[in-house]
Amino acid sequence: MNQAPTKITFFEWLTPLVASGKKTITIRDESESHYVPGTRVDVHTLEKDEYVCQIDIVSVEKIGFDDINEEHAAQEFIPLEELKPLIRKIYPNDEDFYVITYTLVA
Ligand SMILES: CC(=O)Nc1cc[nH]c(=O)n1
C-alpha cells in the first residue's frame, strides 16, 4: 500500500503566504494529487529544499482549469488575473488540476 506523502514544495516566493496562513490552498497537477486528507506534511522551498513550516491536509478536489475562480484566488491570496496565468505557466499542457486545501500548523 502506498505511503501518504510527507513533504510538499512551494516556490520560495510563495512560502511567506503559506507560513503566514494567508494562502490556504494550492492547485497542483495529477502528479501531486496524492496528498491524503488528515495527514501532516512538511513544507520546503522548491529551489533550496529549505524547511518552512508544517501544514495539515484538509481535502484534495479535482478541478478543471476553466473552473478556477475568484474563491480560489482568495484562498491562494493571489489575484485571479495573476493566478490563472501562473497555473498555465507552471502547467502549460494540463486541463485537470487538484485543489489541495490545508491549514497551517501553529
Ligand atoms: C513548486 C510550487 O510551488 N508549485 C506550485 C504549483 C501551484 N501552486 C502552488 O502554490 N505551488
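Here are a few things to note about the model shown:
- Every test in (1) open to solvent by 30 Å² or more (accessible area, probe 1.4 Å); (2) within 16 Å of E76 (Cβ to Cβ); (3) assigned to a helix (DSSP H, G or I) is passed by T15 save one, and that test is (1).
- Selection from the range 1-59 of residues that are among the charged types (D, E, K, R), under 10 Å from Y102 (Cβ atoms) and near the ligand (Cβ under 9 Å from one of its atoms): K23
- Considering only residues in the range 18-46 that are over 17 Å from I57 (Cβ atoms) and open to solvent by less than 80 Å² (accessible area, probe 1.4 Å), the one that is nearest to the chain's Cα centre (by Cα) turns out to be T45.
- The residues of the range 46-59 that are within 16 Å of F10 (Cβ to Cβ) and touching a Ser or Thr at 6+ places or on another chain (Cβ under 6 Å), listed by number, are L46, V52, D56, I57.
- Within the range 56-75, residues that are among the polar types (S, T, N, Q) reach partners that are part of a helix (DSSP H, G or I) with beta carbons closer than 9 Å, at six or more positions or on different chains, in the pairs N69/L80.
- Scanning the range 53-62 for residues that are of a type in the set (A, V, I, L, M) and open to solvent by 20 Å² or more (accessible area, probe 1.4 Å) yields a total of 2.
- Out of D49, D94, sole residue that is open to solvent by less than 90 Å² (accessible area, probe 1.4 Å), more than 14 Å from the chain's Cα centre (by Cα), at negative phi and touching a residue at least 24 places away in the same chain (Cβ under 8 Å): D94
- Pairs linking a residue in the range 10-32 that is under 17 Å from K89 (Cβ atoms) to a residue that is surrounded by fewer than 19 Cβ atoms within 10 Å (Cβ to Cβ) and β-branched (V, I, T), with Cβ atoms under 6 Å and 6 or more positions apart or on different chains, are E12/T45.
The values are calculated or read from the model by the stated rules, or taken from the named source; none is laboratory data. Since this is a predicted model, take the numbers as computed values, not measurements. Using ideal geometry, Cβ is built from the backbone for each residue, glycine included, and neighbour counts are taken over all protein chains shown. The protein model used for the area step is the full one, side chains on, heavy atoms only, and it has no ligands, DNA or RNA in it. Shrake-Rupley method; radii C 1.70, N 1.55, O 1.52, S 1.80 Å.
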